[in-house]
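Q: Pasting in a structure now, in structure tokens, and then I'll have a few things to ask.
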Amino acid sequence: MFEKTGKFLIVSCTQEKEGTVTLTLPKMTRKNFTIAKIACLAVSCLIILILSANSPSKGFLDGLAGSIGIDNRLVRVLFPVLLAILLNLVLTFSVRSLWLRLEVEPEHTAIIKAGDLQVNTTRGIAGVPYFRSRLKHIIDSPENSVVDILNSIISAGFSLEASDIHISPDVDSADVVMRIHGNLYPVCEIPFQLYSHFVRRIKIVSGLSIFRQGVPQDGQINFEDPSYTARISVFPTSNGERIAMRLASSHSGTMNLESIGMPDDILLDYRALLNRSQGMIVITGPTGSGKSTTMFASLLDIQKQRKDSVNIVTLEDPIETNLRGFQQTQVGQSTGLTFSSGLRSVLRQDPDVIMVGEIRDEETAAISIRAAMTGHLILTTVHANSTSGVFNRLSQMGVDPVQLSSTVHAVLSQRLCRRLCQSCRKEKELTEAHIRQLKLLGVEGIPEGPFFESGGCDQCIGLGFTGRVPLFEMFLVTDRLRDFISNGCPAHQLSREARNAGMKTLLDHGLELAREGMISLMELTRVVSE
Ligand SMILES: [Zn+2]
């Protein structure tokens with residue numbers, strides 16, 4: 001049993017009769033390790049000196065010199081030196097391993113207790129000023145340890161519904177910035193003298209090696225309450241180690257298709273597709289466009305529609321949110337399972353619906369299509385520039401276009417736009433620059449306004465934006481479009497045919513939202529051109 005207090009690592013072992021024996025071991029800092037290395041060298045030299053001084057060893061060395069034909073005196077000096085170097089290496093390595101083991105072992109069990117997290121519900125980003133002053137107070141009070149500071153920052157992150165916390169060291173302090181609804185908000189600064197302790201604490205609760213500095217490390221914070229997860233990435237910079245945390249909580253709102261902002265006409269068709277017993281539905285969009293949220297809302301919808309009589313399995317890299325009722329499996333380097341090998345095995349588990357995190361190689365594409373043709377509904381993501389581009393991408397991965405046309409029901413594309421703060425948005429005339437930008441994106445003629453731009457007020461802490469709104473586009477595979485897909489039509493032609501068949505594009509949806517004053521034209525052109 002190990003316990004960490006103050007400057008020392010307490011190694012304690014409970015003995016049944018004599019009570020508790022407590023040993024102390026100094027922390028393995030660089031300075032302490034240098035002292036240990038010198039001690040190892042001294043011990044090695046001493047052992048070799050004692051050994052080489054006795055007469056049997058001398059006899060052995062003389063015999064050795066005779067057999068290889070070298071001068072006795074040379075062997076008497078060289079051989080002990082070589083032996084001392086070797087012994088020193090073995091000794092240093094053993095001491096380092098043992099020390100690290102003793103020091104690291106308790107840290108793997110360090111967790112953030114449920115009582116240490118104080119997650120309050122706030123009024124969205126309007127809560128930022130409150131947490132700014134609260135964190136400043138906690139950091140400035142000398143009685144608070146780095147443990148309290150880290151717990152408070154994480155609690156603030158979850159309270160503010162931040163998706164990420166970035167901690168970047170600078171010359172005299174480290175800036176803590178949170179990404180809330182897509183925007184970055186500075187929340188506090190950690191003084192430089194505390195920073196190395198702070199990083200150490202993060203590494204301890206994420207099961208990372210505290211001794212390894214200057215190399216990137218990835219981990220996950222251990223929370224006692226399993227509804228919270230935080231993935232940690234530590235990255236070395238010239239000012240120290242930079243930390244990025246990706247937060248996820250199963251408390252953050254109920255995920256359902258109604259609440260994710262899908263337009264009604266797309267929602268009706270999409271829901272009908274989710275009720276199919278086989279086939280494939282693909283979601284596409286850049287990183288951070290809300291694909292995972294849509295995917296999980298879809299799975300929850302299937303579960304609700306089919307009244308729990310459905311076996312839903314997921315293959316994810318990594319698992320971002322733990323959800324009740326699904327069999328979630330992590331794939332990736334840490335588990336040694338790939339999407340293709342995981343998919344092959346999971347098919348033997350008699351699933352009805354399979355969520356495949358991403359199709360990015362030929363093998364996964366082939367198995368997914370085969371599964372979708374044999375009585376399974378597959379929900380997946382494919383990286384492509386547009387909905388129509390997904391068909392070309394899958395063809396490039398070796399999927400037969402005819403199979404593709406008969407298996408894929410629809411491709412959904414999405415983007416996230418920053419929502420204009422409704423209390424300070426300002427009406428804006430359409431400028432020549434806007435018209436040109438829209439023209440480049442394929443808008444014909446001059447769209448009718450009014451349009452709006454961001455202002456700045458207390459509600460949005462001067463940024464002009466609050467929250468985000470999604471843009472959706474759904475490429476529904478109809479009989480007519482099926483012919484074009486099976487003929488291997490290029491993406492632009494497919495897109496044109498789909499638009500002729502009534503598909504509303506991301507841009508159409510965005511222009512509607514811009515006219516309603518939900519987003520600005522600048523935001524729309526930025527997001528759609530991604
Ligand atoms: Zn505002």
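The values are calculated or read from the model by the stated rules, or taken from the named source; none is laboratory data. Given the structure is predicted, the values throughout are model-derived calculations rather than measurements. We place every Cβ from the backbone using ideal geometry, glycine too, and count neighbours over all the protein chains shown.
Q: Residue by residue through segment 389-424, note down the ones that are among the hydroxyl-bearing types (Ser, Thr, Tyr) and closer than 21 Å to Met355 by Cα.
A: Scanning segment 389-424 gives Ser395, Ser405, Ser406, Thr407, Ser413.
Q: Could you grab the pairs with beta carbons closer than 9 Å, sequence gap of 6+ or different chains, first residue in segment 382-399 and on the phi > 0 side of the Ramachandran plot, second one buried (at least 21 other Cβ atoms within 10 Å of the Cβ) and not basic (Lys, Arg)?
A: That search, which allows pairs on different chains as well, returns Gly398/Ala365.
Q: Only one of these is within 18 Å of Ser155 (Cβ to Cβ) and among the aromatic types (Phe, Trp, Tyr): Phe223, Phe235. Name it.
A: Phe223
Q: With respect to Val402, is the statement that it is in contact with a helix residue (DSSP H, G or I) (Cβ under 9 Å, 6 or more places away or on another chain), closer than 30 Å to Glu363 by Cβ, in contact (Cβ under 8 Å) with a residue 12 or more places away in the chain and surrounded by fewer than 16 Cβ atoms within 10 Å (Cβ to Cβ) true?
A: yes
Q: Checking Gly445 against (1) surrounded by 13 or more Cβ atoms within 10 Å (Cβ to Cβ); (2) part of a loop (DSSP other than H, G, I, E, B), which single condition isn't satisfied?
A: Among (1) surrounded by 13 or more Cβ atoms within 10 Å (Cβ to Cβ); (2) part of a loop (DSSP other than H, G, I, E, B), the lone unmet condition for Gly445 is (1).
Q: Which of the numbered conditions does Leu267 fail, given that it passes all the others? Conditions: (1) within 26 Å of the chain's Cα centre (by Cα); (2) without any contact (Cβ under 8 Å) to a residue 24 or more places away in the chain; (3) surrounded by 15 or more Cβ atoms within 10 Å (Cβ to Cβ).
A: Checking Leu267 against (1) within 26 Å of the chain's Cα centre (by Cα); (2) without any contact (Cβ under 8 Å) to a residue 24 or more places away in the chain; (3) surrounded by 15 or more Cβ atoms within 10 Å (Cβ to Cβ), the one that fails is (1).
Q: Name the pairs whose Cβ atoms lie under 7 Å apart, with the first residue in segment 353-364 and more than 19 Å from Ser298 (Cβ to Cβ) and part of a loop (DSSP other than H, G, I, E, B), the second of a type in the set (Phe, Trp, Tyr) and at pLDDT 95 or above, and 6 or more positions between them or separate chains?
A: Going by the 7 Å Cβ cut-off, there are no qualifying pairs.
Q: Right, here's the next one. Hey, among the residues in segment 314-339 that are among the acidic types (Asp, Glu) and touching a Ser or Thr at 6+ places or on another chain (Cβ under 8 Å), which one's nearest to Gln220 (Cα to Cα)?
A: Checking each candidate, the answer is Glu320.
Q: So Ser292 ticks every box in (1) of a type in the set (Gly, Ala, Ser); (2) free of Cβ contacts under 8 Å to residues at least 40 places away in the same chain; (3) touching a Gly at 6+ places or on another chain (Cβ under 8 Å) but one. Which box is left unticked?
A: (3)
Q: I'd like the full set of residues that are more than 16 Å from the ligand (Cβ to nearest atom), part of a helix (DSSP H, G or I) and surrounded by 20 or more Cβ atoms within 10 Å (Cβ to Cβ), limited to segment 459-506.
A: If the condition is that a residue be more than 16 Å from the ligand (Cβ to nearest atom), part of a helix (DSSP H, G or I) and surrounded by 20 or more Cβ atoms within 10 Å (Cβ to Cβ), then Leu481, Phe484, Ile485, Leu494, Ser495, Ala498, Leu506 are the ones that fit.
Q: Quickly run through segment 421-458 and pick out the residues that are within 16 Å of the ligand (Cβ to nearest atom) and closer than 15 Å to Gly510 by Cα.
A: Matches in segment 421-458: Phe452, Glu453.
Q: Confirm whether Glu523 is within 16 Å of the ligand (Cβ to nearest atom), touching a residue at least 60 places away in the same chain (Cβ under 8 Å), of a type in the set (D, E, K, R) and surrounded by 15 or more Cβ atoms within 10 Å (Cβ to Cβ).
A: Spelling it out, Glu523 is indeed within 16 Å of the ligand (Cβ to nearest atom), touching a residue at least 60 places away in the same chain (Cβ under 8 Å), of a type in the set (D, E, K, R) and surrounded by 15 or more Cβ atoms within 10 Å (Cβ to Cβ).
Conditions (1) of a type in the set (Ser, Thr, Tyr); (2) at pLDDT below 80; (3) assigned to a helix (DSSP H, G or I), marked per residue:
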{"site": "Leu46", "(1), (2), (3)": "no, no, yes"}
{"site": "Pro56", "(1), (2), (3)": "no, yes, yes"}
{"site": "Leu74", "(1), (2), (3)": "no, no, yes"}
{"site": "Ser94", "(1), (2), (3)": "yes, no, yes"}
{"site": "Leu102", "(1), (2), (3)": "no, yes, yes"}
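Q: Restricting attention to segment 381-415, which residues are under 30 Å from Arg526 (Cβ atoms) and among the charged types (D, E, K, R)?
A: Arg393, Arg415
Q: Does Gly219 meet the test of being in contact with an Asp or Glu (Cβ under 8 Å, 6 or more places away or on another chain) and of a type in the set (Gly, Ala, Ser)?
A: Judged against the criteria, Gly219 is not a match.
Condition check ((1) under 30 Å from Leu299 (Cα atoms); (2) in contact with a Gly (Cβ under 6 Å, 6 or more places away or on another chain)) across all residues:
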| position | (1), (2) |
| --- | --- |
| Met373 | yes, no |
| His383 | yes, no |
| Ser406 | yes, no |
| Leu416 | yes, yes |
| Gly442 | no, no |
| Cys460 | no, no |
| Gly464 | no, yes |
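Q: What tally of residues in segment 217-236 results from selecting those that are buried (at least 18 other Cβ atoms within 10 Å of the Cβ) and aromatic (Phe, Trp, Tyr)?
A: 2
Q: Quick one: Ile319 ticks every box in (1) farther than 26 Å from Gly398 by Cβ; (2) among the aliphatic types (A, V, I, L, M); (3) in contact with a helix residue (DSSP H, G or I) (Cβ under 7 Å, 6 or more places away or on another chain) bar one, so which box is it?
A: Against the list (1) farther than 26 Å from Gly398 by Cβ; (2) among the aliphatic types (A, V, I, L, M); (3) in contact with a helix residue (DSSP H, G or I) (Cβ under 7 Å, 6 or more places away or on another chain), Ile319 comes up short only on (3).
Q: Still on this structure: From Phe484, Phe475, which residue is of a type in the set (Phe, Trp, Tyr), within 14 Å of Asn392 (Cβ to Cβ) and over 31 Å from the mean Cα position of the chain (by Cα)?
A: Exactly one residue qualifies, and that residue is Phe484.
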